[in-house]
Amino acid sequence: MLASYVKAFGQLGDPRLTRPILYSFGLAMLTTLLLLPVGYFCLEWLNETLMGWIDGGDSWWMDAIEWSARALGWLIGLTVLFFVFGLMQTAYLGIFIDQVVEAAKDLTRPELQFNPPLALLASSWCSAKFLALSLFVNLLILPLVLVGWFLPPMGLVIQLLANGYLLGKEFEDLVANRFPSRPKLSLLRRTTFGMVSAGLLLVPFVNFCAPVITAAAFTNYYSSRE
């Protein structure tokens, strides 16, 4: 498994891998810019609700609580965005993943014959479902992750397990269907594959190309077993 990831890193020079990185990154960034105003209004609403519940009148300590709550909300929001950005990029990569799979296959097992790729509409629908599921799961585990930040490494373990399962399932569905035998991994191996990807998403700058690396690694691994 690790050898597949190492081989995928070596394949990054292929333009068929670099273009999907730029496309998926650009779409994820555009989505982020569209979500920022929504996040701002949500945080302001929560802040106003909290201050209304405290109802301490006009005093310096109320101002201190308000600004502290606002700063904490933005800190939590930006941190969550950092973790979710890679999942958004992964979702958009599903539209361009065929270039990555074909490139990785040509560099390892060019003689293999693949099944035809999904139609654009079908791949877009799969990407949308994955994005919605990822956002839902990460919002669901957010309270545990926040508590886990104060009890390291619990927060990190929860994130790696949850996102590792999601990423492993998504990449298996996207890549395995291109192989005639449609290979399937065990739950443990698939989640482990995904956890490596989730770990790469936490590394600054590496996280921008982590989805493409994972797609190539899955292709390399399946190709070695055909």
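Things worth noting here:
- Leu93 vs. criteria surrounded by 16 or more Cβ atoms within 10 Å (Cβ to Cβ), under 28 Å from Leu188 (Cα atoms) and aliphatic (A, V, I, L, M): yes
- In the condition set (1) surrounded by 13 or more Cβ atoms within 10 Å (Cβ to Cβ); (2) polar (S, T, N, Q); (3) over 28 Å from Arg109 (Cα atoms), Thr49 is compliant with all but (1).
- Yes/no for Glu102 being modelled with pLDDT of 85 or more and surrounded by fewer than 15 Cβ atoms within 10 Å (Cβ to Cβ): no
- Check on Ala119, closer than 19 Å to Lys7 by Cβ, hydrophobic (A, V, I, L, M, F, W, C) and more than 14 Å from the chain's Cα centre (by Cα): no
- Scanning region 105-116 for residues that are part of a helix (DSSP H, G or I) and either loosely packed, with under 13 Cβ neighbours inside 10 Å or modelled with pLDDT under 85 (or both) yields a count of 2.
- Any hit, region 76-92, residues being closer than 27 Å to Phe171 by Cβ, in contact with a Pro (Cβ under 6 Å, 6 or more places away or on another chain), in contact (Cβ under 8 Å) with a residue 24 or more places away in the chain and not aromatic (Phe, Trp, Tyr): yes
- Residue within region 62-69 that is within 18 Å of the chain's Cα centre (by Cα), at negative phi, polar (S, T, N, Q) and assigned to a helix (DSSP H, G or I) present: no
- Residues that are over 19 Å from Lys129 (Cα atoms) and either touching an Asp or Glu at 6+ places or on another chain (Cβ under 6 Å) or aromatic (Phe, Trp, Tyr) (or both), drawn from region 70-105: Trp74, Phe82, Ala103
- Residues located in region 188-226, provided they are more than 24 Å from Leu118 (Cα to Cα) and of a type in the set (A, V, I, L, M): Leu188, Met195, Val196, Ala198, Leu200, Leu201, Leu202, Val203, Val206
- Residues located in region 142-171, provided they are within 30 Å of Asn220 (Cβ to Cβ), surrounded by fewer than 20 Cβ atoms within 10 Å (Cβ to Cβ) and either touching a residue at least 40 places away in the same chain (Cβ under 8 Å) or out of contact with any Leu (no Cβ under 7 Å at 6 or more places or on another chain) (or both): Pro153, Leu156, Val157, Leu161, Tyr165, Lys169
- Within region 9-30, the residues that satisfy the criterion of being at pLDDT 90 or above and either surrounded by 16 or more Cβ atoms within 10 Å (Cβ to Cβ) or among the polar types (S, T, N, Q) (or both) are Pro20, Ile21, Tyr23, Ser24, Phe25, Leu27, Ala28.
- Taking residues in region 26-54 that are more than 15 Å from Leu78 (Cα to Cα), and partners anywhere that are among the β-branched types (Val, Ile, Thr) and surrounded by 12 or more Cβ atoms within 10 Å (Cβ to Cβ), the pairs with Cβ atoms closer than 8 Å and at least 6 places apart or on different chains are Met51/Ile65; Ile54/Ile65.
- Residue list for region 19-46, filter: out of contact with any helix residue (DSSP H, G or I) (no Cβ under 8 Å at 6 or more places or on another chain) and closer than 30 Å to Leu107 by Cβ: Leu22, Gly26, Met29
Conditions tested, residue by residue: (1) farther than 26 Å from Leu81 by Cβ; (2) touching a Phe, Trp or Tyr at 6+ places or on another chain (Cβ under 7 Å); (3) hydrophobic (A, V, I, L, M, F, W, C).
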site: Arg178; (1), (2), (3): yes, yes, no
site: Arg189; (1), (2), (3): yes, no, no
site: Ala198; (1), (2), (3): no, no, yes
site: Val203; (1), (2), (3): no, no, yes
site: Cys209; (1), (2), (3): no, no, yes
site: Val212; (1), (2), (3): no, no, yes
site: Ser223; (1), (2), (3): yes, no, no
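The values are calculated or read from the model by the stated rules, or taken from the named source; none is laboratory data. What you see is a predicted model; the values in this text were computed from it and never measured. Here the Cβ is made from the backbone with ideal geometry for all residues, glycine too, and neighbour counts use every protein chain on show.
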